[in-house]
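What follows is a single structure, written as structure tokens, with notes after it.
The values are calculated or read from the model by the stated rules, or taken from the named source; none is laboratory data. These numbers were taken from a predicted model, which means no experiment stands behind them. All Cβ positions, even for glycine, are placed from backbone atoms using ideal geometry, and neighbour counts span all protein chains on display.
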Ligand SMILES: [Zn+2]
Ligand SMILES: [Zn+2]
Ligand SMILES: [Zn+2]
Ligand SMILES: [Zn+2]
């Protein structure tokens, strides 16, 4: 009995006798096999996503310009290739950084055309300024300081609203056109009819 041992199944605690060199005769653990297959599948899905990113990407890796970036770290705000992503995020802490496929990188706020280091939070609605983007410095002290500022988001919302209003007017116009067309048609029918009657 020296060469015989028992292994307990980690799932149902069933003992299985194991002889020397007989690991290969062990019962297959189908749950584990399925898990491994699923892992493989999700790995290949990841590979496919990154492959697609590689084709689309025209962004170089921030670690090495020769590499093509496929991922974006939302914490470091860096564009990375897969290799440099693994290299720069290999520690436990950094591994927690949320990284997204490059094409899903969150949109950055637009920059002020005069002060590149500042976000353009406002637009100028003054006539002649054509909603030009500006930062708080431009708004307070620049040439737009006496103009009419608006928050970029609000202005975007206003534009959205006016587009919707224009679309509604357009729909109304189309409907009244259709009505008129109907009226003309039925009038034409009517006159044709009355013409026959006479
Ligand atoms: Zn990071
Ligand atoms: Zn790289
Ligand atoms: Zn500015
Ligand atoms: Zn202005």
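So if I check each of 49, 18, which one is over 30 Å from residue 105 (Cα atoms), surrounded by 13 or more Cβ atoms within 10 Å (Cβ to Cβ) and either at pLDDT below 75 or out of contact with any helix residue (DSSP H, G or I) (no Cβ under 9 Å at 6 or more places or on another chain) (or both)?
18
Find the residue count for region 134-147, including only residues that are touching a strand residue (DSSP E or B) at 6+ places or on another chain (Cβ under 8 Å) and at pLDDT 90 or above. Quick ask: steps written out before the conclusion?
Of the residues in region 134-147, the ones touching a strand residue (DSSP E or B) at 6+ places or on another chain (Cβ under 8 Å) are 134-136, 138-139, 142, 144, 147.
Cutting the leftovers down to at pLDDT 90 or above gives us 134-136, 138-139, 144, 147.
Counting residues in region 134-147 that are touching a strand residue (DSSP E or B) at 6+ places or on another chain (Cβ under 8 Å) and at pLDDT 90 or above gives 7.
Starting from residues that are at pLDDT 90 or above and under 22 Å from residue 108 (Cβ atoms), keep the ones in region 122-131 and report whichever is surrounded by the fewest Cβ atoms within 10 Å (Cβ to Cβ).
Here the answer is 124.
Return only the number of the condition from (1) over 30 Å from residue 56 (Cα atoms); (2) part of a helix (DSSP H, G or I); (3) within 26 Å of the chain's Cα centre (by Cα) that residue 139 does not satisfy.
Against the list (1) over 30 Å from residue 56 (Cα atoms); (2) part of a helix (DSSP H, G or I); (3) within 26 Å of the chain's Cα centre (by Cα), residue 139 comes up short only on (3).
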